[in-house]
1. Suppose the chain between ARG162 and GLU102 were pulled fully straight at 0.36 nm per residue; how much longer would it get relative to their current alpha carbon spacing?
2. Which cross-chain or sequence-distant (5 or more) residues have an amide H under 5 Å from the amide H of ILE118, H modelled 1.01 Å from N in plane?
3. Read through the labelled values (i) 0.93; (ii) 1.10; (iii) 1.00 and report the label of the one computed as Cα Rg over 2.2 N^0.38 Å from the structure.
4. On a full-extension model of 0.36 nm per residue, what is the gain between ARG17 and CYS144, subtracting their alpha-carbon distance, rounded to one decimal in nm?
5. Antiparallel as a % of all DSSP beta bridges within region 19-121, to the nearest 5?
6. Mind listing the phi-derived Karplus ³J(HN,Hα) values for region 57-68, rounded to whole Hz, using 6.51, -1.76 and 1.60 with θ = phi - 60°, and x for any glycine or proline?
7. When the helix-only estimate is applied to the chain (DSSP H runs of n ≥ 4, each -39,500 (n - 2.57), divided by the residue count), what is the mean residue ellipticity at 222 nm, nearest 500 deg cm²/dmol?
8. Over all alpha-carbon pairs in region 4-95, figure out the percentage whose distance exceeds 18 Å.
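What follows draws every value from the coordinates through simple rules; no lab data is involved. Note that this is a predicted model, so its numbers are computed, not measured.
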Amino acid sequence: MAGSSGQRRVAPGSPPRLIADAMLGGLAKWLRILGVDTAFDPALDDPEIVELSIDEGRTILTRDRRLILRKRAWNHLFVRSEVVDEQVAQVVTALGVEPGPEDLFSRCLRCNVPLLEIPAEAAAAEVPPYVARTQEHFRRCPRCGRIYWRATHAERMRKRLRAMGIAVDPSTRAGAGS
């Protein structure tokens, strides 16, 4: 089956580097939520995706059978489902992704760049007043400047990830606990 080659490119213990094609924007977003380096640009055509995958050592994620038939697109994972939750579960399982608590919400959802911690005082002028009063921890994307904080949406995302079968809490991870 095509796709197992993607696993061989990932060194043991190192996180995968991925590139998702235009059909998989939702998957790319959820992988970024998990902290997985996932390039995504819906404007890229198939040859550009293949070249980027080679140049940057990325595994191609696609639902496009024509893309995986390209001679140089050997490092890929064919995503079987049209349902985002099932796509995330497939990629996590197939590539052995094991996000830790520190990985969650660590990348910009727009830019895919790792977020940087910023002091609450620095964020206060750029976030709604209620957020500035009620939140202590903020992160900023160094590329686009977007500011992130944990609010009720973060727990909803964790709940959805758990429903996908992805262990996102320290107590539910393999080997965690006493």
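1. Working: separation 60, 0.36 × 60 = 21.60 nm, distance 1.62 nm.
Difference between extended and current length: 20.0 nm.
2. Residues meeting the criterion, in which the H sits 1.01 Å from N, are PHE138, ARG139, ARG140.
3. Read-out taken from this structure: (ii).
4. The ARG17-CYS144 span can extend by a further 43.6 nm.
5. 10 percent
6. Taking θ as phi minus 60°, the curve returns x, 9, 8, 7, 9, 8, 10, 9, 5, 5, 5, 6 Hz for region 57-68.
7. -9500 deg cm²/dmol
8. Summing the P(r) of region 4-95 above 18 Å gives 35 percent of all pairs.
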